[in-house]
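Structure first, commentary second.
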Amino acid sequence: MLTLSGKKIILGVCGSIAAYKSLLLLRLLVKAGAEVEVIMTESATDFVGPLSFSTLSGKPVKTQIHSDADWQNHVHLGMWADLMVVVPATAQTIAKMAHGFVDNLLTAVFLSAKCPIMFAPAMDLDMWQNPATKRNIRLLTDSNIQMIPVEDGSLASGLSGLGRLAETEMIFEIINDHFNKQDTLAGRRILITAGPTLEAIDPVRFISNHSSGKMGIRIAEECLRRGAKVHLILGPTNENISESPELSLFRVVSADEMYTEVKSVWEDMTDFILAAAVADYKPVNMSVEKIKKTADQINIELTKTPDIAAFLGINKKQNQKLVGFALETTNALEYATSKLHKKNMDLIVLNTTGEIGVGFGYDTNQIVLIDRNGHQTNFDKKSKKEVATDIVNALLLL
């Protein structure tokens, strides 16, 4: 059976350099079995011709709010669709949608639609960061209109940053998930820790590890994609995550800061995924001045950092699920299983080191999942995005 067989979707296309990506999305939707009606704004036709869309959809593209054949087409379309998705959604169209302005067929159908609505913004960095745009998006999301998060990358202006249209495959997955609710995380509030911590020795030196934060960020993105609200506590990293109304991002440096933030929000969460590589030890005393290289040897007294997993394992409620990580070099299964039970986790993700492309800094990973009943699931090496999907699938089964 085709994934979207029988689903009726309105695809709205606005005037943006990213409009060509809507053709790729249309192809995926039709291939999956959806019936798609395409509405283009007048400026969208300056970027991509309507003929391309009509060829792929098998239907004439609609551009006019009134026509001799059907002057009520906006009403009929609004009642016909199972879903309306605007890709790309420009700053101007977002503003019109937010304030109920109607000057074209797309905005008229938006106001007439009886179905769920999604929009995928695409604009330049400065426009995306403008307070007016943020207010308009907040008005829409507060009205239960779903925003598909923008990405961080190269923009048409030559700048680089947030505002880039989400990748076509990601948009398709979000639409597909909308119609396949069995794997949704809607209503879940998930706390995720990611990245390393830095434990200061002096103002310029610290104890840390090689964690990049990539795995935790991929997990956060997957949870957001499935409809969860995510509270991401992120250690120092160069990795970025796209803004989303459902994402609360809290940046920290040390294990103490991460622990404090966890303690401030844990009671409101439904799930915990501890992907951060928290330093196990920190200096007892941090030197306020840079330590000079005068002696051949120096001794630095260390003490344990707060145990976030142990705190959550002791305090979590019956309906809260705890997923932890273990990175081992020897006796991996034995140590990971011991940690699972000692910290009262519901699931542990085991990583090992030594194989090329696995672990810190890579875009790929290879894991073993172990649940509290001792069941093990081994996975091949794959992208961290795919690994995140495997972990979230396992969370849903807990």
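The values are calculated or read from the model by the stated rules, or taken from the named source; none is laboratory data. Bear in mind the structure is a predicted one, so any value in this text is a computation, not a measurement. Here Cβ is always computed from backbone atoms with ideal geometry, including for glycine, and neighbour counts include all displayed protein chains.
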Report task. Being hydrophobic (A, V, I, L, M, F, W, C), crowded, with 18+ Cβ neighbours inside 10 Å and at pLDDT 90 or above is the filter here, so list the residues in segment 128-167 that pass it. Result -> 128, 137, 140, 145, 147, 148, 150, 165, 166
**Report entry** Unique match (being part of a loop (DSSP other than H, G, I, E, B) and at negative phi) among 282, 292
**Finding:** 292
Report task. Filter segment 192-215 for residues that are in contact with a Ser or Thr (Cβ under 9 Å, 6 or more places away or on another chain) and closer than 19 Å to residue 388 by Cβ and give the result. Result -> 194, 195, 196, 211, 212, 213, 214
Requested in this report: Return only the number of the condition from (1) in a helix (DSSP H, G or I); (2) under 13 Å from residue 192 (Cα atoms); (3) out of contact with any Pro (no Cβ under 8 Å at 6 or more places or on another chain) that residue 257 does not satisfy.
Outcome: (2)
Query - Qualifying positions in segment 242-256 - charged (D, E, K, R), in contact (Cβ under 8 Å) with a residue 40 or more places away in the chain and closer than 25 Å to residue 317 by Cβ - result: 256
Requested in this report: For residue 318, indicate whether it is at pLDDT 90 or above, loosely packed, with under 13 Cβ neighbours inside 10 Å and under 23 Å from residue 261 (Cα atoms).
Outcome: yes
Requested in this report: Among the residues of segment 97-106, count how many are closer than 17 Å to residue 62 by Cβ and either crowded, with 24+ Cβ neighbours inside 10 Å or modelled with pLDDT of 95 or more (or both).
Outcome: 1
Query - Boolean, residue 239 is part of a loop (DSSP other than H, G, I, E, B), in contact (Cβ under 8 Å) with a residue 12 or more places away in the chain and of a type in the set (Asp, Glu) - result: yes
**Report entry** Filter pass, residue 251 being surrounded by fewer than 19 Cβ atoms within 10 Å (Cβ to Cβ) and at pLDDT 90 or above
**Finding:** yes
Query raised in the report: Failed condition for residue 315, given (1) polar (S, T, N, Q); (2) more than 25 Å from residue 272 (Cβ to Cβ); (3) free of Cβ contacts under 8 Å to residues at least 60 places away in the same chain, with all others met?
Result: (2)
